[in-house]
Amino acid sequence: MALKLSNTFRTKTTLFIDFDGTIVDYRQNEIKALLALMEPFKLDNKKLDQFISAYQRINTQLWGEYRKQKITVDILRVRRFELALEEAQIKNITAESLSVKYLEHFIDNVEIDSSIYKKLEKLKNNNFKIYILTNGFESTQNKRIDRLKLNRVIDGYVTSERAGKAKPDPAMFQLAMREANSRPEETVMIGDSFEADILGANQQRIFGIHLSEEEPQVVNEWYLSTKNLDDALDLFLI
């Protein structure tokens, strides 16, 4: 791509990469999991669409509350289904049973583009330290990372559950730097959320790469934007 790395940028040795929405397509993973979850109930298409739409909106809202520590992970996992079932007027299905089965489908349906995996493998072989930073639950993300065989091409991962705070809180980035034994000037954060990934990293004096299809290409002192993870990783393989 047209972007050229400066000599300073070439000195980066550690990559922090967001997981959902960056390494994997979260929305696609979510929809596949929800379709598999609700298939046994044989809902008509209209009712199924109502449920999925309600779930996605409510889940986003509750994740916001979780990041602000207003609710616990256990409450989030069940309440999102309680409220979605209520809004879609679906009866005789319990939120508790859906919550358990959903995580199984969510893990089973995770996918990664083969080109992304190959580029991570090349970077690992080129002695980059690679850590995933995810605002996710430890057990779920561990199983998804394992299913994708990402442990072969990364050095580790940090979850918000383990850090005790979610991105953009400094605790996430500070824990990651300790585990990676890296300094801010050696590190780059790649992610699709400008607030959580880029601003959070910048507050720790870590350079960011923002993935955005809509944002015009930007290059400045603290971050650059590019369309997708493929293009971002290419910057380190030039």
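The values are calculated or read from the model by the stated rules, or taken from the named source; none is laboratory data. The shown structure was predicted, so the numbers you read here are calculated from the model rather than taken from an experiment. Here the Cβ positions follow ideal geometry from the backbone for every residue, glycine too, while neighbour counts run over all protein chains shown.
If you go through the stretch 195-224 and keep only what is without any contact (Cβ under 8 Å) to a residue 40 or more places away in the chain and in contact with a helix residue (DSSP H, G or I) (Cβ under 9 Å, 6 or more places away or on another chain), you end up with GLY200, GLN203, GLN204, ARG205, GLY208, ILE209, HIS210, SER212, GLU215, TRP222, TYR223.
Scanning the stretch 21-44 for residues that are of a type in the set (Asp, Glu), under 13 Å from the mean Cα position of the chain (by Cα) and outside any helix (DSSP H, G or I) yields a total of 1.
Residue by residue, here is whether (1) in contact with a Lys or Arg (Cβ under 8 Å, 6 or more places away or on another chain); (2) buried (at least 21 other Cβ atoms within 10 Å of the Cβ); (3) assigned by TED's automatic domain parsing to the domain that holds PHE19; (4) farther than 17 Å from THR22 by Cα holds:
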site: ASN142; (1), (2), (3), (4): no, no, yes, no
site: ASN151; (1), (2), (3), (4): no, no, yes, no
site: ALA166; (1), (2), (3), (4): yes, yes, yes, no
site: ASP169; (1), (2), (3), (4): no, no, yes, yes
site: ALA176; (1), (2), (3), (4): no, yes, yes, yes
site: GLU195; (1), (2), (3), (4): no, no, yes, no
site: ILE209; (1), (2), (3), (4): no, yes, yes, no
site: VAL218; (1), (2), (3), (4): no, no, yes, yes
site: GLU221; (1), (2), (3), (4): no, no, yes, yes
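Of the strands (runs of 3 or more DSSP E) that lie entirely inside the stretch 135-215, those containing 2 or more residues that are among the hydroxyl-bearing types (Ser, Thr, Tyr) span 156-159. Restricting attention to the stretch 178-193 and to residues that are of a type in the set (S, T, N, Q), within 22 Å of LYS122 (Cα to Cα) and touching a residue at least 60 places away in the same chain (Cβ under 8 Å), the residue that is surrounded by the most Cβ atoms within 10 Å (Cβ to Cβ) turns out to be THR187. The single condition among (1) among the β-branched types (Val, Ile, Thr); (2) free of Cβ contacts under 8 Å to residues at least 40 places away in the same chain; (3) not in a helix (DSSP H, G or I) that VAL110 does not meet is (2). Here SER99 meets each of (1) outside any helix (DSSP H, G or I); (2) without any contact (Cβ under 8 Å) to a residue 24 or more places away in the chain with one exception, condition (1).
Looking only at residues of the stretch 113-140 that are in contact (Cβ under 8 Å) with a residue 12 or more places away in the chain and among the small types (Gly, Ala, Ser), we find that the one that is surrounded by the most Cβ atoms within 10 Å (Cβ to Cβ) is GLY136.
Here the condition is being modelled with pLDDT of 95 or more, closer than 30 Å to GLY164 by Cβ, surrounded by 16 or more Cβ atoms within 10 Å (Cβ to Cβ) and outside the structural domain of TYR157 (by TED's automatic domain parsing); of ILE58, ILE52, ILE17, it holds for ILE58 alone.
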